[in-house]
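Written below as structure tokens is the structure these notes are about.
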Amino acid sequence: MDKKTITFAAIPMKNTLKKITILTLVLLFLLYGCKSNDSQNSLKLVKEVDFVLGTMGRINVLSESEEDGRRAIAKAFDRVREIENKMSTSIAGSDVYLLNENAGNNYITVDKETLYVINKGLEYYELTGGDFNISIGALINLWGIGKTNKVPSQENIHAAMENIDINAINIDNQSVRIDIPNVQIDLGGIAKGYAVDEAIKVLRENGIKSGLVDLGGDIYAFGKKADDSSWNVGIQDPEKGANPIASIPLTDKSIVTSGDYERFFMEDNIRYHHIIDPKTGYPVRNDLRSVTIISDLSIDGDVLSTAVFIMGLEKGMSLIESLDGVETLIITNDKKIYTSSGLKDQLNILNDSYEEREL
């Protein structure tokens, strides 16, 4: 099968600390267990944590001086906050906030990067057959995973789905209008990945050649470790949190995971998680536990990890196999691991209770 080239390049706070603790332990793979070689033993590991985009962000870099490293990290976090202030649904005055407030009324002139991300969202809607939909805001607000933790009524779900319409997003040069009242844009499934990519640019512009950016699980590892080896990234166990089930070597790649264990609540012994299917109005119910996407850009991984989870194993794997420069690792409820063709022989299984399979 010929592969296609990807030509188009508000998260609740509950469970955030638990998730970050898990990520911290998994990311020990990235930062330790290696010795510096003679050419790089002067590099210092500099680490900072900040709360951005509704989650804990973590940036770790190798720098010639601690001062230079901290300065570069501060600039990267500032860049992330710039993006948040433009694309958040809840920050009054942001581009997305104003678009939603003016739905059915006025065109809003938006920043060029907000327009870029909206256009990416529209293109991914087409690529995924509507499984990724940035006009899903009404449903996201209704479910409020991590806030209300209560199953909405069928009547309210139906009403919210009436307010999902990608065709209501109308672009005229630098201005955007939502044509239909109550249709709401939500960039939560794409903006974080874009922010990771932009943070990496800032670090490189400030002389950082190696490190990682982690914004709530959207991770980009760039350069090499102090011993000149690739970063070794752990894949989280959906059942036991911090314990990685596998690892994979990465250099200058993004790795993003979406899973039903990240943010959820239980009602009548049913798990209701944060990955909402825009076509059913409910959290996705299939045989998947998690989807990990490895790609050149985090914005692509952010979208595709969600879209593939919604699509399911066979349809999702088929999509990834059709794309150039994108790979996936899918874990199912029965502890089977399925990988795309580009990951064959790269995965190191660390947990014997999981088994690698082929479709």
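The values are calculated or read from the model by the stated rules, or taken from the named source; none is laboratory data. Here the structure is a predicted model, which is why all the values come from computation and not from measurement. In this analysis, Cβ positions are derived from the backbone assuming ideal geometry, glycine residues included, and neighbour counts consider all displayed protein chains.
So which of Asp287, Asp300, Asp296 is surrounded by fewer than 20 Cβ atoms within 10 Å (Cβ to Cβ), acidic (Asp, Glu), closer than 17 Å to Val196 by Cβ and modelled with pLDDT of 90 or more?
Details: Asp287 fails: closer than 17 Å to Val196 by Cβ; Asp300 fails: surrounded by fewer than 20 Cβ atoms within 10 Å (Cβ to Cβ).
One residue alone meets the criteria, Asp296.
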**OP:** Can you work out which of the residues in the stretch 87-126 that are of a type in the set (D, E, K, R) and buried (at least 20 other Cβ atoms within 10 Å of the Cβ) is nearest to Leu212 (Cα to Cα)?
**Re:** Lys120
Subject >> Search result, residues across the stretch 246-281 that are modelled with pLDDT of 90 or more, surrounded by fewer than 18 Cβ atoms within 10 Å (Cβ to Cβ) and under 23 Å from Asn133 (Cβ atoms) >> reply: Lys279, Thr280
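Could you list, in sequence order, the residues of the stretch 177-209 that are among the basic types (Lys, Arg) and out of contact with any Phe, Trp or Tyr (no Cβ under 9 Å at 6 or more places or on another chain)? Step through it out loud before you land on a result.
Let us first name the residues in the stretch 177-209 that are among the basic types (Lys, Arg), namely 177, 192, 201, 204, 209.
Those that are among the basic types (Lys, Arg) and out of contact with any Phe, Trp or Tyr (no Cβ under 9 Å at 6 or more places or on another chain): Lys192, Lys201.
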Original post:
closer than 26 Å to Tyr282 by Cβ and out of contact with any Asp or Glu (no Cβ under 9 Å at 6 or more places or on another chain), is that true of Gly121?
Top reply: yes
Original post:
Mind checking whether some residue in the stretch 301-316 is under 27 Å from Leu212 (Cβ atoms), part of a loop (DSSP other than H, G, I, E, B) and small (Gly, Ala, Ser)?
Top reply: no
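Can you name the residue in the stretch 321-355 that is of a type in the set (Asp, Glu) and not in a strand (DSSP E or B) and, of all such residues, is nearest to Asp300 (Cα to Cα)?
Pass one, the stretch 321-355, residues of a type in the set (Asp, Glu): 321, 324, 327, 334, 345, 352, 355.
Those left that are additionally not in a strand (DSSP E or B): 321, 334, 345, 352.
Working: Glu321: 14, Asp334: 27, Asp345: 23, Asp352: 31 Å.
If we take residues in the stretch 321-355 being of a type in the set (Asp, Glu) and not in a strand (DSSP E or B), then Glu321 is nearest to Asp300 (Cα to Cα).
Kindly establish whether Lys224 is over 14 Å from the mean Cα position of the chain (by Cα), at pLDDT below 90 and basic (Lys, Arg).
On the way: over 14 Å from the mean Cα position of the chain (by Cα): yes; at pLDDT below 90: no; basic (Lys, Arg): yes.
So Lys224 does not fit the description; no.
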Original post:
Any idea which residue in the stretch 42-64 is nearest to Lys225 (Cα to Cα), counting only those that are in contact with a helix residue (DSSP H, G or I) (Cβ under 7 Å, 6 or more places away or on another chain) and among the acidic types (Asp, Glu)?
Top reply: Glu48
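Out of the stretch 102-141, which residues are part of a helix (DSSP H, G or I), touching a strand residue (DSSP E or B) at 6+ places or on another chain (Cβ under 9 Å) and at pLDDT 95 or above?
Here is the first cut: in the stretch 102-141, the residues part of a helix (DSSP H, G or I) are 112-127, 137-141.
With touching a strand residue (DSSP E or B) at 6+ places or on another chain (Cβ under 9 Å) added as a condition, the list becomes 114-115, 118-119, 121-122, 127, 137-141.
Those that are part of a helix (DSSP H, G or I), touching a strand residue (DSSP E or B) at 6+ places or on another chain (Cβ under 9 Å) and at pLDDT 95 or above: Thr114, Leu115, Ile118, Asn119, Gly121, Leu122, Leu127, Gly137, Ala138, Leu139.
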Subject >> Residue pairs meeting the criteria (Cβ under 9 Å; at least 6 apart or on separate chains; first closer than 26 Å to Trp231 by Cβ and modelled with pLDDT of 90 or more, in the stretch 331-359; second aromatic (Phe, Trp, Tyr) and loosely packed, with under 12 Cβ neighbours inside 10 Å) >> reply: none
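Using the structure shown, decide if Asp237 is assigned by the TED database to the domain that holds Ile310, in contact with a strand residue (DSSP E or B) (Cβ under 7 Å, 6 or more places away or on another chain) and of a type in the set (Asp, Glu). Talk me through it step by step, then tell me what you get.
Details: assigned by the TED database to the domain that holds Ile310: yes; in contact with a strand residue (DSSP E or B) (Cβ under 7 Å, 6 or more places away or on another chain): yes; of a type in the set (Asp, Glu): yes.
Judged against the criteria, Asp237 is a match.
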